[in-house]
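Written below as structure tokens is the structure these notes are about.
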Amino acid sequence: GEDVEQSLFLSVREGDSSVINCTYTDSSSTYLYWYKQEPGAGLQLLTYIFSNMDMKQDQRLTVLLNKKDKHLSLRIADTQTGDSAIYFCAEIPVYNQGGKLIFGQGTELSVKP
Amino acid sequence: NAGVTQTPKFRILKIGQSMTLQCTQDMNHNYMYWYRQDPGMGLKLIYYSVGAGITDKGEVPNGYNVSRSTTEDFPLRLELAAPSQTSVYFCASSNGGGYTFGSGTRLTVV
């Protein structure tokens, strides 16, 4: 099937690390994406990883990819209250015509001061 | 460079009314998409287009229609609004990779 799975909620304290997990469906997906949605806003591309990489780091963000287990994670270091948002992982399966992104349900990150 | 622009931002419709949600992009992207977002349900694809003159159904197309007469514009039409169409609608475009999203249209059908 075409289900990208994420847990729905994560709550952390300010200054802690957050880890948001995702399992995706197609091991041949070329790119995997993380989007951030702040309250009342559209989705912003946060970061992405190419499928031949295991890890990508971008300032406070670290993306880990385990192709064998089809598992993707997003780590946010030193989480701030401004990181409170919904985070979506997404893939474009190779078999998918039209470049359609398949999204997970989104993980709502709540950062408590 | 405006990216993806959606209008209106908010709208209240009565049951049975019709309306068009506008979407335009200025990045010369071939691919355009319409999603709806309901609480806790993620994003569901309504319709998409791979280029001017070409449209196709997504996961939840019933009650909607689209057209793509130009590369820039991809309007979404609701012909007979129903309460089940109360949602937030997002338009997006891409060149085959990650999407650029509009800021959304919040629609309430009463």
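Below is a table of values for the structure above.
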| read-out | value |
| --- | --- |
| Among residues of the range B:41-59, those that are outside any strand (DSSP E or B) and surrounded by fewer than 17 Cβ atoms within 10 Å (Cβ to Cβ), counted | 4 |
| Pair list, Cβ < 8 Å and 6+ apart or interchain, from the range B:81-96 residues that are away from every other protein chain (no Cβ under 14 Å) to residues that are buried (at least 16 other Cβ atoms within 10 Å of the Cβ) and among the small types (Gly, Ala, Ser) | none |
| Residues of the range A:1-23 classified as surrounded by 16 or more Cβ atoms within 10 Å (Cβ to Cβ) and at pLDDT below 90, total | 1 |
| Elements of type strands (runs of 3 or more DSSP E) in the range A:9-55, at least 2 residues being at negative phi, more than 14 Å from every other protein chain (Cβ to nearest Cβ) and in contact with a strand residue (DSSP E or B) (Cβ under 9 Å, 6 or more places away or on another chain) | A:9-13, A:18-23 |
| Selection status of A:THR23, of a type in the set (Val, Ile, Thr) and more than 24 Å from B:CYS91 (Cβ to Cβ) | yes |
| Condition check for B:THR5: β-branched (Val, Ile, Thr), crowded, with 19+ Cβ neighbours inside 10 Å and closer than 22 Å to B:SER94 by Cβ | no |
| Residues that are outside any strand (DSSP E or B) and at pLDDT below 95, drawn from the range B:85-95 | B:ASN95 |
| All positions within the range B:6-36 that are within 14 Å of chain A (Cβ to nearest Cβ) and under 11 Å from the mean Cα position of the chain (by Cα) | B:GLN6, B:THR7, B:LEU21, B:CYS23, B:MET32, B:TYR33, B:TRP34, B:TYR35, B:ARG36 |
| Unmet criterion (only one of (1) touching a helix residue (DSSP H, G or I) at 6+ places or on another chain (Cβ under 8 Å); (2) under 30 Å from B:PHE10 (Cα atoms)) for A:SER18 | (2) |
| Filter result for B:LEU107 (within 12 Å of chain A (Cβ to nearest Cβ), aliphatic (A, V, I, L, M) and part of a strand (DSSP E or B)) | no |
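Quick grid of which residues meet (1) in contact with a strand residue (DSSP E or B) (Cβ under 7 Å, 6 or more places away or on another chain); (2) more than 26 Å from A:THR47 (Cβ to Cβ):
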residue: B:THR20; (1), (2): yes, yes
residue: B:LYS44; (1), (2): yes, no
residue: B:GLY53; (1), (2): no, yes
residue: B:VAL66; (1), (2): yes, yes
residue: B:PHE74; (1), (2): yes, yes
residue: B:ALA82; (1), (2): yes, yes
residue: B:SER87; (1), (2): yes, yes
residue: B:TYR99; (1), (2): yes, no
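Residue-wise test of (1) outside any strand (DSSP E or B); (2) more than 14 Å from chain B (Cβ to nearest Cβ); (3) surrounded by 14 or more Cβ atoms within 10 Å (Cβ to Cβ).
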| residue | (1), (2), (3) |
| --- | --- |
| A:VAL63 | no, no, yes |
| A:LYS68 | yes, yes, no |
| A:LEU74 | no, yes, yes |
| A:THR79 | yes, yes, yes |
| A:GLY82 | yes, yes, no |
| A:ILE86 | no, no, yes |
| A:ALA90 | no, no, yes |
| A:TYR95 | yes, yes, no |
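The values are calculated or read from the model by the stated rules, or taken from the named source; none is laboratory data. As the structure is a computational prediction, the values presented were derived from the model and not from experiment. Please note: Cβ atoms are built from the backbone with ideal geometry, for glycine as well, and neighbour counts cover all protein chains shown.
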